[in-house]
Amino acid sequence: MRIHKSGAIRAITATVVVGLVATGCASDRDKDGGTSDAKDTFVFAGAGDPGSLDPALASDGETFRVTRQAFEALLEHEPGGSKLVGGLAEKWSSNPAGTVWTFNLRKNVKFHDGEALNAKAVCANYDHWFNWKGTYQSSAVSYYWQTIMGGFAKNEDAEAPKANYKSCTAQDDSTAVIEVNEPSANLPGGFSLQALAIHSPKALQEYAKQDASAKGDAITYPKYSQEAGTVAGTGPYRITKWNKGNKEVSLERFDDYWGEKAKVKNLVFRTIDTEEGRRQALQAGDINGYDLVAPADVKTLSGEGYQVPTRDVFNIFYVGMSQSANPALKKREVRQAISHAIDRENLVKTQLPEGGKAATQFMPDTVAGFSDKVKTYPFDTNKAKDLLKGAGESKLKVDFCYPTEVTRPYMPAPQDMFELMKADLEKAGITVTPKAMKWAPDYLDATEAGSCALHLLGWTGDFNDGYNFIGTWFAGPDKQWGFKDAKVFDAVNAASKITDPNGRTEAYKKANEAIMEYVPGIPVSSSPPAIAFGKNVNPPKVSPLTQENFAEVSFK
Amino acid sequence: MLRLVVRRLLQLIPTLLGLSVLLFLWLNRLPGGPASAILGERATEAEVARINRALGLDEPIHVQYWRFLKRIFELDLGTSTQTGQPVWDEFALRFPATVELGVAAILIAVVAGIPLGYLAAKRRGGWLDVAAVSGSLVGICIPVFFLALLLKGIFAVELGWFPSYGRLSTGLNATDVTGFAILDGLLTGELDASWDAIMHLILPAVTLSSIPLAVIVRMTRASVLEVLGEDYVRTAESKGLEKRVVRGRHVLRNAMLPVVTAVGLLTGSLLSGAVLTESVFSFGGVGSFIRTSIDARDYPVLVGFILFIAMVYVVINLLVDLAYSLIDPRVRVH
């Protein structure tokens, strides 16, 4: 026992000594540059880890938030807005048919590995994606390529979409011409996506040596996409380290950047899973900013002197109706009645942060194609009752699914929002059976399979084109909605094929009018997602597309 | 003793086989799958079907199970559907954090719990006893996530004594040798990194230790009270043995047997407790990874983790049996 005792004493003494020595040593390391000066490092917290350092392999916002600082696409969106502006291409144009896109590239642009940007580099990227084989053709890996450009040079899956990409030609050093087989509503917006950002050709050669593989029951991402060192873009920051254990991606200012250099030398993205945790980390001074602020925290943080700007709305929250799950929903009067029964204004007032808007159609008013002439369904319980009576559905019973353990930018508090709607529907005499489900994958599976008569979902736009909203749901039959209506589908598809931007906008307006005449579901609201920054930060311009450029950040 | 070790390790095989069958049946009955978790709102029926086909999730359950079993024999747990990296690599990356946290929590529980329980028993009915008994009751009752938020709110946000999240401060640039942040700092001479890791560890470890601490205090107290009433203690005292010797050799040593068993079981349960604690403190260990894996229906990770926990329990039980023979020579291990 004596031996044990002296051992314990030694251990305690050692701990104290280590502590004392360590605190003493800390300042030495600072001088060596081991730890960064507080004003040299901006730390921003997101809600999830990025999936890959190659944005071409991703489809999630957390990945793009990181890669956007290091990679640039041919086109970008104006800072703080949704208008397309030049990115790596200073100017761009298309032929009247919308099948040939010419990009005049910026000069003197360098990649992080020292390579120069030129038309050949652009084409190397597009050809690299087009020639993907094997697991890269899985939509879990190449979702955005397939959405924007269709399939591949050689589709390996019979159900993969048909390739729309035709070729890319380097006309001269600074002119790249991309040809597609058919005009698409996804262009030119798609050229701005992070997933189609331009990589160094030298890095692409390294990528090509590594394959993504589907072994057993999962896809293994290539090594280069999981650690810093190989990926190279042209952005104001270059990725230096991904410390997965510490849930941290570090970036460093790229001094050869073609545009205005980043104001803060080091940029770090950290993952803090919970809203509460992110707020507390900001209040404790451990981070300088975070995203996905809970609406309830906006006032608290603002009151304490933190900066909590809200983005312009670029999302839509809706009540989906699956006609296959409840035959009564096939009757238009029933769908209209449900629309009249829900008090959207009250929902916006009580559930959304300042700047939230009640919706009249399936796109926010910031998207080109928003129509002022759509049929509207103002809150009117008596009218809802009359419509139900007229349809012979006075005793309507519906299942209403809502997700748990989740908040989305368009849906900050699903359960509370559901409760308000349920109360509204019950006032109109509708019996609601609540069905709570875990967001992923239970809820998403159920809604996608069309087994939820009523359900809550939404969408945040990728770029400013109406098809990115209404084309997502109403371009053809979809189990989630369970209806076929040629008038709606034709209107949406016709709009998507018009290449003249003004003509397309007008056609989207008509499509919105056709949709709201049919009323397949209820567009409820658009919500401005909030983002928080420390008191000593000059924040970047906040973007409705959540595309903040952290090179703009500085400390006061 | 060697026979015991071999026998226990062999027992692992049927245990893990049985568990893996149960797990597969359970996971197969769960609604949803990884495809819609990967695609989120963008999931369509066709896309989900394509991904399921690519991942082999459209095959019959027995085919999937056989494939899984073959891999297990090759010591391959598969690939995480969330991160696209081998499950072993994901565990190896995060396991050191969880071990550091678990070891710190159990150390706090043992170092504080045994003396406290002993003193409470010695001064039965006194203020220390009342405080220890009621304190341990609170420790057992208080939900771990609430305690985590409370400690974080007071000591990280209000007082600023400890960091509010993570394992290491941003920009510390510590050298990674073994993945154990404290040890790495000591090995590389980056003592500030070790100290930083300790500071990050304190709040999560105190949180995680709350239940084991409460259990150990109560068990030690009850066990010591029982031993104090034994004849051999009275005999030892009446023989005129030094109090220190009576306490150490006769009381504590005998009272420790049930406590050691409890410590063993509590150590195993710390792994599941770490899921909540690590999530609240964004600690970056296996626990928080498991939480996101449940959301993402990451079957390979979940199966691997549960099998791993089973192995840990078996090994800890073995260690507990071995510890018995050290504490009490009367216990013969065959």
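Within the range A:222-235, being more than 14 Å from chain B (Cβ to nearest Cβ) and more than 21 Å from the chain's Cα centre (by Cα) holds for A:Gly229, A:Thr230, A:Val231, A:Ala232, A:Thr234.
The set of residues from the range B:295-332 being at the interface with chain A (Cβ under 9 Å from one of its Cβ atoms), modelled with pLDDT of 75 or more and closer than 30 Å to B:Ser169 by Cβ comprises just one member, B:Asp298.
Residues in the range A:383-409 that are within 37 Å of the chain's Cα centre (by Cα) and of a type outside the set (Val, Ile, Thr): 11 in all. Is there a residue being touching a residue at least 12 places away in the same chain (Cβ under 8 Å) and more than 26 Å from the chain's Cα centre (by Cα) anywhere in the range A:346-367? Checking the range A:346-367: at least one residue is touching a residue at least 12 places away in the same chain (Cβ under 8 Å) and more than 26 Å from the chain's Cα centre (by Cα). Residues in the range A:384-405 that are surrounded by fewer than 17 Cβ atoms within 10 Å (Cβ to Cβ), more than 20 Å from A:Asp416 (Cβ to Cβ) and not hydroxyl-bearing (Ser, Thr, Tyr): A:Asp386, A:Lys389, A:Gly390, A:Gly392, A:Lys395, A:Lys397. Scan the range B:143-161 and give yes if some residue there is assigned to a loop (DSSP other than H, G, I, E, B), surrounded by 15 or more Cβ atoms within 10 Å (Cβ to Cβ) and at the interface with another protein chain (Cβ under 8 Å from one of its Cβ atoms), otherwise no. No, the range B:143-161 contains no residue that is assigned to a loop (DSSP other than H, G, I, E, B), surrounded by 15 or more Cβ atoms within 10 Å (Cβ to Cβ) and at the interface with another protein chain (Cβ under 8 Å from one of its Cβ atoms). Which members of the range B:132-186 meet the condition of being more than 26 Å from A:Trp242 (Cα to Cα) and free of Cβ contacts under 8 Å to residues at least 12 places away in the same chain? Matches in the range B:132-186: B:Ser134, B:Cys141, B:Pro143, B:Phe146, B:Leu150, B:Gly153, B:Ile154, B:Val157, B:Glu158, B:Leu159, B:Gly160, B:Trp161.
The residue that is farthest from the chain's Cα centre (by Cα), counting only those in the range A:188-200 that are buried (at least 22 other Cβ atoms within 10 Å of the Cβ) and over 17 Å from A:Ser142 (Cβ atoms), is A:Ser200.
What do you reckon, is A:Ala384 at negative phi, among the hydrophobic types (A, V, I, L, M, F, W, C) and outside any loop (DSSP other than H, G, I, E, B)?
Details: at negative phi: yes; among the hydrophobic types (A, V, I, L, M, F, W, C): yes; outside any loop (DSSP other than H, G, I, E, B): yes.
Taking the combined requirement at face value, the residue satisfies it.
Taking the residues in the range B:164-198 that are more than 9 Å from chain A (Cβ to nearest Cβ) and of a type in the set (S, T, N, Q) as candidates, determine which candidate is nearest to A:Ala45 (Cα to Cα). Among those that are more than 9 Å from chain A (Cβ to nearest Cβ) and of a type in the set (S, T, N, Q), it is B:Thr175. Considering the range A:141-173, and only residues there that are of a type in the set (Gly, Ala, Ser) and touching a Phe, Trp or Tyr at 6+ places or on another chain (Cβ under 9 Å), the residue that is nearest to A:Ala475 (Cα to Cα) turns out to be A:Gly150. For the residues B:Leu241, B:Leu257, B:Leu265, the requirement of being aliphatic (A, V, I, L, M) and either within 12 Å of chain A (Cβ to nearest Cβ) or closer than 30 Å to B:Asp76 by Cα (or both) singles out B:Leu265. Here the condition is being within 14 Å of chain B (Cβ to nearest Cβ), of a type in the set (D, E, K, R), under 30 Å from B:Gly153 (Cα atoms) and free of Cβ contacts under 8 Å to residues at least 24 places away in the same chain; of A:Glu248, A:Glu275, it holds for A:Glu248 alone.
Could you tell me whether B:Ser136 is of a type outside the set (A, V, I, L, M, F, W, C), within 14 Å of chain A (Cβ to nearest Cβ) and either crowded, with 20+ Cβ neighbours inside 10 Å or touching a strand residue (DSSP E or B) at 6+ places or on another chain (Cβ under 7 Å) (or both)? Give the derivation first.
Values: of a type outside the set (A, V, I, L, M, F, W, C): yes; within 14 Å of chain A (Cβ to nearest Cβ): no; either crowded, with 20+ Cβ neighbours inside 10 Å or touching a strand residue (DSSP E or B) at 6+ places or on another chain (Cβ under 7 Å) (or both): yes.
Criteria not met by B:Ser136.
Can you tell me which residues in the range B:243-292 are in contact with a Pro (Cβ under 9 Å, 6 or more places away or on another chain) and part of a helix (DSSP H, G or I)? Within the range B:243-292, B:Ala262, B:Val263, B:Leu266, B:Thr267, B:Ser269, B:Leu270, B:Gly273, B:Ala274, B:Leu276, B:Thr277, B:Glu278, B:Val280 meet the criteria. Taking the range A:359-408 as the range and being within 16 Å of A:Leu454 (Cβ to Cβ) and basic (Lys, Arg) as the test, only A:Lys397 passes. Counting only strands (runs of 3 or more DSSP E) wholly contained in the range A:33-120, the ones carrying 3 or more residues that are surrounded by 19 or more Cβ atoms within 10 Å (Cβ to Cβ) and within 14 Å of chain B (Cβ to nearest Cβ) occupy A:41-46.
Looking at A:Ser324, A:Ser302, just one residue is free of Cβ contacts under 8 Å to residues at least 60 places away in the same chain and surrounded by fewer than 23 Cβ atoms within 10 Å (Cβ to Cβ), and that residue is A:Ser302. When the test is whether a residue is facing chain A (nearest Cβ under 7 Å), at pLDDT 75 or above and surrounded by 13 or more Cβ atoms within 10 Å (Cβ to Cβ), B:Arg71 passes it. Listed by position, the strands (runs of 3 or more DSSP E) contained in the range A:155-268 that have at least 3 residues being under 30 Å from B:Tyr165 (Cα atoms) are A:237-243, A:248-253. Only one of the numbered conditions (1) away from chain B (no Cβ under 14 Å); (2) not in a loop (DSSP other than H, G, I, E, B) is not met by A:Lys435, and that is (1).
For the structure I just gave you, tell me whether B:Thr261 is closer than 24 Å to A:Thr240 by Cα, β-branched (Val, Ile, Thr) and modelled with pLDDT under 90. Against the criterion (closer than 24 Å to A:Thr240 by Cα, β-branched (Val, Ile, Thr) and modelled with pLDDT under 90), B:Thr261 does not qualify.
Would you confirm whether or not the range B:217-233 contains a residue that is touching an Asp or Glu at 6+ places or on another chain (Cβ under 9 Å), over 28 Å from A:Asn288 (Cβ atoms) and polar (S, T, N, Q)? Checked against the condition, which is being touching an Asp or Glu at 6+ places or on another chain (Cβ under 9 Å), over 28 Å from A:Asn288 (Cβ atoms) and polar (S, T, N, Q), the range B:217-233 yields no hits at all.
Please verify whether B:Val103 is touching a residue at least 24 places away in the same chain (Cβ under 8 Å) and farther than 30 Å from A:Lys479 by Cβ, treating the condition exactly as stated. Spelling it out, it is not the case that B:Val103 is touching a residue at least 24 places away in the same chain (Cβ under 8 Å) and farther than 30 Å from A:Lys479 by Cβ. Restricting the range A:257-272 to residues that are at the interface with chain B (Cβ under 10 Å from one of its Cβ atoms) and among the β-branched types (Val, Ile, Thr), the residue that is surrounded by the most Cβ atoms within 10 Å (Cβ to Cβ) is A:Ile272. Check B:Ala92 against each of (1) away from every other protein chain (no Cβ under 12 Å); (2) in a helix (DSSP H, G or I) and name the one condition it does not meet. Only one criterion is unmet by B:Ala92, namely (1). Hey, does the range B:205-213 have a residue that's touching a residue at least 24 places away in the same chain (Cβ under 8 Å), surrounded by fewer than 19 Cβ atoms within 10 Å (Cβ to Cβ) and more than 11 Å from chain A (Cβ to nearest Cβ)? No, the range B:205-213 contains no residue that is touching a residue at least 24 places away in the same chain (Cβ under 8 Å), surrounded by fewer than 19 Cβ atoms within 10 Å (Cβ to Cβ) and more than 11 Å from chain A (Cβ to nearest Cβ).
Restricting the range A:274-325 to residues that are within 25 Å of the chain's Cα centre (by Cα), in a helix (DSSP H, G or I) and of a type in the set (Gly, Ala, Ser), the residue that is modelled with the highest pLDDT is A:Ala281. Within the set A:Lys397, A:Lys383, the sole residue that is closer than 20 Å to A:Met516 by Cα, among the charged types (D, E, K, R) and out of contact with any Phe, Trp or Tyr (no Cβ under 7 Å at 6 or more places or on another chain) turns out to be A:Lys383.
The values are calculated or read from the model by the stated rules, or taken from the named source; none is laboratory data. Everything numeric in this text was worked out from a predicted model, so none of it was measured. Cβ atoms come from the backbone with ideal geometry, glycine included; neighbour counts cover every protein chain shown.
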